[in-house]
Amino acid sequence: MVAGSIRLEFSGTPDGFRSAFEALIAETRVRRRVELVFEEIVANIVRHAAPAGAPAQVAVAVDVDDGGITLTFDDDGVPFDPTALAEPVPAKTLDGAPIGGLGVGMVRRLARQVEYRRTGESRNRLVVTLPPSGIASPVR
Amino acid sequence: MDMSMEPMADGVVRVVLRGRLDSPGVDSIETRLTASLVPRGESAIVDLSGVEFAGSMAIRMFITIAKALARKDRRLALYAPQPAVAETFEMVALDSIIPVAADAAGAVERVRA
């Protein structure tokens, strides 16, 4: 992994982000974790934070250095704090398995830190920091 | 996202998926996959060796199909996930609710268990 940064801006569904990640993060397994965080957070923004009648405008910054990988998601949607969601309890049986709601839990498992704030410009800002390799929280 | 399906012996159908099971990928196959598997009332095994990415939408899709098959007393098993996909499944302990096998033979064994 080399130090570097990328900036992505899109409306609705992102496109072309994978090639940007490939240019920044050579290790496939680490890149897949970044893609997973990206997928889960953007899907949440699209589902929960998009203003009525219009796709949310989303800007994502990815910064890589020796200390880890930081993804900063900035959108103009309605206030939505994914860190306030209850973490689902892992199901023991198919009957008891919830349908959905797993994405934020995955992000928390991968991340060393997840921080949310509503900015003074009425935007949601979510900062997710991943360790340079490995998973922050072991599988439970 | 590519999908193909073939019947195996003894009432088991094999599905082969190729591509990325991210939100657009799931959107592109979910209706077709569900409509192909659930009404026929057979247990199914899904080859994931060609799937390079799976997110929570993919897991939601598999749980939905597994629940629908269970109502017909049939089972769903997944097999041969790539390492990154296996890691995602392990994060949510998927194998405790849907069998995840190393290969097709193991998956068939799990749906017949």
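Observations
- Filter result for A:GLN57 (modelled with pLDDT of 90 or more, touching a strand residue (DSSP E or B) at 6+ places or on another chain (Cβ under 9 Å), closer than 30 Å to A:ALA26 by Cα and not hydroxyl-bearing (Ser, Thr, Tyr)): no
- Residues that are touching a Leu at 6+ places or on another chain (Cβ under 9 Å), exposed (fewer than 15 other Cβ atoms within 10 Å of the Cβ) and among the charged types (D, E, K, R) within the range A:58-100 comprise just one, A:ASP81.
- Taken over the range A:84-120, the criterion of being among the charged types (D, E, K, R) and either at pLDDT 90 or above or under 17 Å from A:GLU35 (Cβ atoms) (or both) is satisfied by A:ARG108, A:ARG109, A:ARG112, A:GLU115, A:ARG117, A:ARG118.
- Number of residues in the range A:102-122 that are in a loop (DSSP other than H, G, I, E, B) and facing chain B (nearest Cβ under 8 Å) equals 1.
- Looking across B:GLY41, B:GLY50, B:GLY19, B:GLY55, one residue alone is over 29 Å from A:VAL46 (Cα atoms) and not hydrophobic (A, V, I, L, M, F, W, C). It is B:GLY41.
- Looking only at the range A:15-47, and only at residues there that are at the interface with chain B (Cβ under 9 Å from one of its Cβ atoms) and among the aliphatic types (A, V, I, L, M), the one that is farthest from the chain's Cα centre (by Cα): A:VAL46
- The number of residues in the range B:79-103 that are among the hydrophobic types (A, V, I, L, M, F, W, C) and either surrounded by fewer than 18 Cβ atoms within 10 Å (Cβ to Cβ) or within 15 Å of B:GLY55 (Cα to Cα) (or both) comes to 9.
- Flag if A:GLY53 is closer than 26 Å to B:ALA86 by Cβ and more than 9 Å from chain B (Cβ to nearest Cβ): no
- Scanning the range A:55-77 for residues that are part of a loop (DSSP other than H, G, I, E, B) and over 17 Å from the mean Cα position of the chain (by Cα) returns A:PRO55, A:ASP66, A:GLY67.
- Within the range A:41-57, residues that are buried (at least 18 other Cβ atoms within 10 Å of the Cβ) sit with their Cβ atoms under 9 Å from residues that are of a type in the set (S, T, N, Q) and assigned to a loop (DSSP other than H, G, I, E, B), at 6+ positions apart or across chains, in these pairs: A:VAL42/A:THR13; A:VAL46/A:THR13.
- Of all positions in the range B:55-70, none carries a residue that is more than 14 Å from chain A (Cβ to nearest Cβ) and at negative phi.
- Yes/no for A:PHE10 being at negative phi, aromatic (Phe, Trp, Tyr), at pLDDT 80 or above and not in a loop (DSSP other than H, G, I, E, B): no
Yes/no per residue for (1) without any contact (Cβ under 8 Å) to a residue 12 or more places away in the chain; (2) more than 20 Å from B:ILE59 (Cβ to Cβ); (3) in contact with a strand residue (DSSP E or B) (Cβ under 9 Å, 6 or more places away or on another chain):
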| site | (1), (2), (3) |
| --- | --- |
| B:SER4 | no, yes, yes |
| B:SER28 | no, no, yes |
| B:THR31 | yes, no, no |
| B:PRO39 | yes, yes, no |
| B:ALA44 | no, no, yes |
| B:ASP47 | no, no, yes |
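- When the range B:76-113 is filtered for residues that are charged (D, E, K, R) and facing another protein chain (nearest Cβ under 9 Å), the ones remaining, listed by number, are B:GLU87, B:GLU90.
- If the condition is being of a type in the set (D, E, K, R), under 21 Å from B:ALA80 (Cβ atoms) and part of a helix (DSSP H, G or I), then the range B:12-31 contributes only B:GLU30.
The values are calculated or read from the model by the stated rules, or taken from the named source; none is laboratory data. Keep in mind the model is a prediction, meaning the values are calculated, not measured. Positions of Cβ are backbone-derived with ideal geometry, glycine not excepted, and every protein chain shown enters the neighbour counts.
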